[in-house]
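Asker: What follows is a structure written as structure tokens; I'll ask about it next.
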Amino acid sequence: MAEAGTGFLEQLKSCIVWSWTYLWTLWFFIMLFLVYILRVPLKINDNLSTVSMFLNTLTPKFYVALTGTSSLISGLILIFQNMNRRQTCKTWIQFSTTHSNAREEITECYLQYHHSERRNIQKARPHHKECKVWRNPLNLFRGAEYNRYTWVTGREPLTYYDMNLSAQDHQTFFTCDTDHLRPADAIMQKAWRERNPQARISAAHEALELNECATAYILLAEEEATTIVEAEKLFKQALKAGEGCYRRSQQLQHHGAQYEAQHRRDTNVLVYIKRRLAMCARKLGRTREAVKMMRDLMKEFPLLSMFNIHENLLEALLELQAYADVQAVLAKYDDISLPKSATICYTAALLKARAVSDKFSPEAASRRGLSTAEMNAVEAIHRAVEFNPHVPKYLLEMKSLILPPEHILKRGDSEAIAYAFFHLQHWKRVEGALNLLHCTWEGTFRMIPYPLEKGHLFYPYPICTETADRELLPSFHEVSVYPKKELPFFILFTAGLCSFTAMLALLTHQFPELMGVFAKAFLSTLFAPLNFVMEKVESILPSSLWHQLTRI
């Protein structure tokens, strides 16, 4: 219903613009009629009284009729647009989009090919009414990275909403109903609810004085450690304590619901610790070790997909330039039944672009057409851009990057920042990949004239991304918005001209004598050069010849 309402409003705006255009056109023809009446050889200055008389004779019925006619035309336009909306594939906004000739021909070539081979994939796609926020699988460390940014710049990279979501995640993953039976876990259960960072850190130290608590080490590694090396040491201590708790709860998990909940909590803690240890190894340059830890973790806990460890694995494999292994991971996770992400879509596009980008030339492609490999690369780029249209501007460095938030909104600006922050280096490493992206990414928008109502390869673009992204991203960042609500210059100029003409008509009706004086002064000034030229021509040409010309 929201998408349909938005489409109706967009069409209503278009009808209003058409209505103003009609008013302006009608008034323009009226002025042309007046000019025709006052045409040469009669002197315009001698007939200004005729113009004033004509304007004075306009009654309110004329303006009522003018308004009624424009309303009727607007209604007809609204009806016909509503009937033919699905067949209409061009809008005023599309007409304002300009490309170079080479990009235009490449896009047209791709569109012709793609529409001829287009698969029927518009089957019963789910329409997401709410924007679900996901945990960022590559989120940074608060103490070692986010806090250091605050110390240097004085800016807070995380919003309260983002940190509140993280607090909820910690309570979900690291607590259970039986925590009150163990003093250390009871203290940590309260610590995860604290808003003050120093209070959380003090509670973690208090819990460690009672017992070797894995979640206490996690909190200190995330928030107190000021370097990645310190965080890794604390996570190794957490791993030792977490493995002991996991083994004990694994033996008792079938003894009751409480033991099963405790085992689930211990499993979440263990997986979280191992994933963060792998991320520490990746940040410290031990990439192969990080890849091995991630692979082992995915084999040991194949059902825990909520952490999206495969996205960490993809980034590490790209750093090793192990493109065959990256393709193998994509073949497993880039499935129609699994939720997509910018990492999945853009990594697939990068691999296909890598095969052709080093020799790609827009001018050569526009002359000979796109090869099959180039067509596949362009199609993969268009697929990725449709999923998240905010990413290209960050990859092409048309927008400045900031630290990614701890939570992201899929298909939103927050996800684009998180992806580009870690993957921009991989695109730069592939020769010509960014050039191919630069030449082809804008063609995606030509295939999706109504992104809020109907998608091309995915479900329609959600309309709530802007609101959610503004809550996730800091205030000093300019949130990227799609689709943009900007109108081209032609529509703005036409609307302004129509409004000015309508204002003149209203003033003429209310103050005819005063407007007549203004009109006389304006026309005298406007036609003064023309009168001067005509007088010179009359003085130069013979009177008989000038008489014959005026008769013609």
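The values are calculated or read from the model by the stated rules, or taken from the named source; none is laboratory data. All values derive from a computational prediction rather than experimental measurement. Positions of Cβ are backbone-derived with ideal geometry, glycine not excepted, and every protein chain shown enters the neighbour counts. Just so you know, the surface numbers come from the protein's heavy atoms only, side chains and all, with ligands and any DNA or RNA stripped out. Shrake-Rupley method; radii C 1.70, N 1.55, O 1.52, S 1.80 Å.
Asker: Among the residues of the range 203-221 satisfying the criterion of being touching a Phe, Trp or Tyr at 6+ places or on another chain (Cβ under 8 Å) and not hydrophobic (A, V, I, L, M, F, W, C), which is surrounded by the most Cβ atoms within 10 Å (Cβ to Cβ)?
Answerer: Looking at the filtered set, the residue picked out is Thr215.
Asker: For the range 270-280, check the following and say yes or no: at least one residue is surrounded by 21 or more Cβ atoms within 10 Å (Cβ to Cβ) and in contact with an Asp or Glu (Cβ under 6 Å, 6 or more places away or on another chain).
Answerer: Within the range 270-280, one or more residues are surrounded by 21 or more Cβ atoms within 10 Å (Cβ to Cβ) and in contact with an Asp or Glu (Cβ under 6 Å, 6 or more places away or on another chain).
Asker: To continue, here is another question. (1) at pLDDT 90 or above; (2) open to solvent by 20 Å² or more (accessible area, probe 1.4 Å): which one isn't true of Val329, the others all being true?
Answerer: (2)
Asker: Also: Answer yes or no as to whether Ser400 is within 27 Å of Pro137 (Cα to Cα) and without any contact (Cβ under 8 Å) to a residue 12 or more places away in the chain.
Answerer: Yes: the conditions hold for Ser400.
Asker: Restricting attention to the range 332-350, and to residues there that are in a helix (DSSP H, G or I) and over 23 Å from the mean Cα position of the chain (by Cα), which single residue is surrounded by the fewest Cβ atoms within 10 Å (Cβ to Cβ)? Lay out the reasoning, then the answer.
Answerer: In the first step, residues of the range 332-350 are kept if they are in a helix (DSSP H, G or I); the result is 332-333, 342-350.
Filter once more, keeping what is over 23 Å from the mean Cα position of the chain (by Cα): 332-333.
Numbers: Lys332: 10, Tyr333: 19.
If we take residues in the range 332-350 being in a helix (DSSP H, G or I) and over 23 Å from the mean Cα position of the chain (by Cα), then Lys332 is surrounded by the fewest Cβ atoms within 10 Å (Cβ to Cβ).
Asker: Whether any residue in the range 250-260 is part of a helix (DSSP H, G or I), open to solvent by less than 40 Å² (accessible area, probe 1.4 Å) and in contact with a helix residue (DSSP H, G or I) (Cβ under 9 Å, 6 or more places away or on another chain) is what I want to check.
Answerer: Checked against the condition, which is being part of a helix (DSSP H, G or I), open to solvent by less than 40 Å² (accessible area, probe 1.4 Å) and in contact with a helix residue (DSSP H, G or I) (Cβ under 9 Å, 6 or more places away or on another chain), the range 250-260 yields no hits at all.
Asker: Pick out the one residue from Ala225, Ala184, Ala238, Ala214 that is more than 25 Å from Tyr149 (Cα to Cα) and in contact with a Gly (Cβ under 7 Å, 6 or more places away or on another chain). It would help to see each step written out before you state the result.
Answerer: Numbers: Ala225 fails: more than 25 Å from Tyr149 (Cα to Cα); Ala184 fails: in contact with a Gly (Cβ under 7 Å, 6 or more places away or on another chain); Ala238 fails: in contact with a Gly (Cβ under 7 Å, 6 or more places away or on another chain).
It is Ala214.
Asker: Select from the range 351-363 the residues that are open to solvent by 80 Å² or more (accessible area, probe 1.4 Å) and in contact (Cβ under 8 Å) with a residue 40 or more places away in the chain and list them in ascending order.
Answerer: Answer for the range 351-363, where residues must be open to solvent by 80 Å² or more (accessible area, probe 1.4 Å) and in contact (Cβ under 8 Å) with a residue 40 or more places away in the chain: Arg354, Asp358, Lys359, Glu363.
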